[in-house]
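Shown next, in structure tokens, is the structure this report addresses.
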Amino acid sequence: MLRRADQDLNRRRFIQSGLSAAAGLTANCRARAFAQTATPMASPEIVSSGVKLVPYVDPLPLPPMLRASAGQTLDMQMRQFRRKLHRDLPPTTLWGYNGFSPGPTIETRRGVPIEVRWSNHLPAKHLLPIDFTIHGAEASLPQVRTVTHLHGAAVLPPDDGYPEAWFSAHGETGPAFNPKPSRYPNDQPATALWYHDHALGITRLNNYAGLSGLYLIRDEIEDALGLPAGEFEIPLVLQDRLFKADGSLLYPKAVNGTHPIWIQEFFGDHNCVNGQVAPFLEVEPRKYRFRLLNAANARFYHLRLYSADAAGKVLDSPADVPVLVQIGTDGGLLPAPIHLGSLLISPAERFDVVIDFADFAGQCFVLTNDAPAPYTMGGQAAAPEVMLFKVTKPLSSKDASRAPDELAPFIPLNPAHAERERVLWLSEQERKSDGYVIISLLGNARWHEPITEDPRAGSTEIWTFANTTGDVHPIHVHLVRFQVLNRQAFDVQAYQQTGKLVLTGYPIPVERNERPAWKDTIKTYPGYVTRVIQRFDLPTGTAAATGDRFRYVWHCHVLEHEDNEMMRPYDVIA
């Protein structure tokens, strides 16, 4: 573990490194929270498998596409299978949907409802070590239980993948189990959602085993833009993993932790893209659209392109590289493209990016990650190699695609119309001796305690996340899309001791790709409040009587935190 002096040094170095405006803000936030906290923050044990793998030797695989039409019911079977994830590794045992991890990319249209029958055909024994002291993961429950959540979808509660709606391959079910296929109305603008397991207490393990995939909604606005499409639109699902020498997945157990097995965050020493370790992609000299998803348990990615040779070695002499043109985020298309030199993406965020290789025929570019882990404290295994682009394919046809200056309309929500503002406390209970986390909490309450957030259906509210921890927490709210308003420093100790929010300094404008934008996952920084505004509309056509309650959840999307109480149910009241 890092000592307090080492943590301070890492923070100072990080602040000086200037990775990006967002990264610099994060470092300052962490330093502020650390300075106001009496206990030093513990870093998870540094874990490395010792397995060395040469990057950029395998081609990027593409998940199969499932195009769903109106009224169709898709069958998605969760099964165990084996697949080679690197040239020099034996096949790895994985869990996935229809024999793939990531699972098939589901594509549908706005306003075209479909159903998905999620079925569990997994073995009775889990691939990975279970900590039975975690709430929802007790030894009395079946080891392997699953429930799929379509992240970012506006759906009714029975179809939302509620954490207690789990089921096993042998017919055992949780208290909120829905036996019917999940119905997705798709009544929302074009965007990239993703589906993943959400079973209470073991979400981190089921996702790490491979249970996730992309889900694309299309609409007429997107169709008219002329964006790169077909073979020139490519999903990039980012994850980090540890491997044993036999190719099997390694998920470490705690060493002197606050639970027998549970670790504070998982970090692997190899990055996978679409399941493959540090792959390469041969591209034509033209525009490509990449649908990025950070599906990692806890790792943040700060991504940047560098000119490289054919083996992926960064060239000594600086050279021009393609610009990253972001056209969309979690909730759909931006109103206008944003030209960026780098991208900072937290777990569960999705970025829609166009890269134009037209002027770079014959060149190679390596996509690297230099975000510290944990973000931003560091101390865990670095995972710099992500993937390699080789602009070596001949141009197959004239490139008529574009990334136009205007994309999709954006109507800002007016804070003056909010019915209320809720201040929501993000906290951690820590071991006094070294700051090792015992549990993380939202609103100082555990999962099973009474509901405290109960917005009225159709109402607009501001949720102000007050982060008193030393971690950057990506917070996800089910059902809704939100808009980010601002961030502002606050007195952490005063809030912890009195519950009174004392703001300091001035509000900080959000990042360029956070507003104007629709989001469903937002980075909340230590020592700062992060304000979002959202309208709690139920799915179109919902039949509800006055007083009816519709149960959803909000949580941190660092999966180790989510599994250890950093998740709360909330009700939308008709």
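The values are calculated or read from the model by the stated rules, or taken from the named source; none is laboratory data. Note that the structure is predicted; figures quoted are calculated from it, not measured. Note that we place each Cβ from the backbone using ideal geometry, even for glycine, and neighbour counts take in every protein chain shown. The area values use the complete protein model at the heavy-atom level, side chains included, leaving out ligands, DNA and RNA. Shrake-Rupley method; radii C 1.70, N 1.55, O 1.52, S 1.80 Å.
Before we move on, is Val112 touching a residue at least 24 places away in the same chain (Cβ under 8 Å), hydrophobic (A, V, I, L, M, F, W, C) and closer than 30 Å to Ser440 by Cα? For Val112, the condition - touching a residue at least 24 places away in the same chain (Cβ under 8 Å), hydrophobic (A, V, I, L, M, F, W, C) and closer than 30 Å to Ser440 by Cα - is not met.
Cβ-Cβ contacts under 6 Å between residues 6 or more apart (or on different chains), taken from a first residue in the stretch 353-364 that is more than 12 Å from Val323 (Cα to Cα) to a second residue that is open to solvent by less than 60 Å² (accessible area, probe 1.4 Å), are listed as Ala361/Pro285; Ala361/Val391; Gln363/Val391; Cys364/Ala308; Cys364/Lys390. Residue count for the stretch 496-539 under the criterion of being of a type in the set (D, E, K, R) and more than 9 Å from Val484 (Cα to Cα): the result is 7. Evaluating Pro90 against the criteria (1) over 28 Å from Leu242 (Cα atoms); (2) at pLDDT 95 or above; (3) open to solvent by 30 Å² or more (accessible area, probe 1.4 Å) leaves one unmet condition, (1).
With respect to the conditions (1) over 20 Å from Gln483 (Cβ atoms); (2) crowded, with 19+ Cβ neighbours inside 10 Å, Gly341 lacks only one, and its number is (2).
The residues in the stretch 43-72 that are under 17 Å from Gly213 (Cα atoms) and in contact (Cβ under 8 Å) with a residue 60 or more places away in the chain can be counted, and the count is 4.
With the condition kept exactly as written, say whether any residue in the stretch 451-470 is free of Cβ contacts under 8 Å to residues at least 60 places away in the same chain and surrounded by fewer than 18 Cβ atoms within 10 Å (Cβ to Cβ). Scanning the stretch 451-470 turns up no residue that is free of Cβ contacts under 8 Å to residues at least 60 places away in the same chain and surrounded by fewer than 18 Cβ atoms within 10 Å (Cβ to Cβ).
Taking the conditions (1) over 25 Å from the mean Cα position of the chain (by Cα); (2) closer than 14 Å to Val532 by Cα in turn, Pro404 satisfies each one other than (2). Screening the candidates Gly547, Gly541 for the property of being at positive phi, surrounded by fewer than 24 Cβ atoms within 10 Å (Cβ to Cβ) and modelled with pLDDT under 95 yields one hit, Gly541. Among the residues of the stretch 367-415, those that are open to solvent by less than 30 Å² (accessible area, probe 1.4 Å) and either of a type in the set (Phe, Trp, Tyr) or without any contact (Cβ under 8 Å) to a residue 40 or more places away in the chain (or both) comprise Tyr375, Phe389. Restricting the search to the stretch 406-431, which residues are part of a strand (DSSP E or B) and either touching a helix residue (DSSP H, G or I) at 6+ places or on another chain (Cβ under 9 Å) or among the aromatic types (Phe, Trp, Tyr) (or both)? Residues satisfying the conditions are Glu421, Val423, Trp425, Ser427, Glu428.
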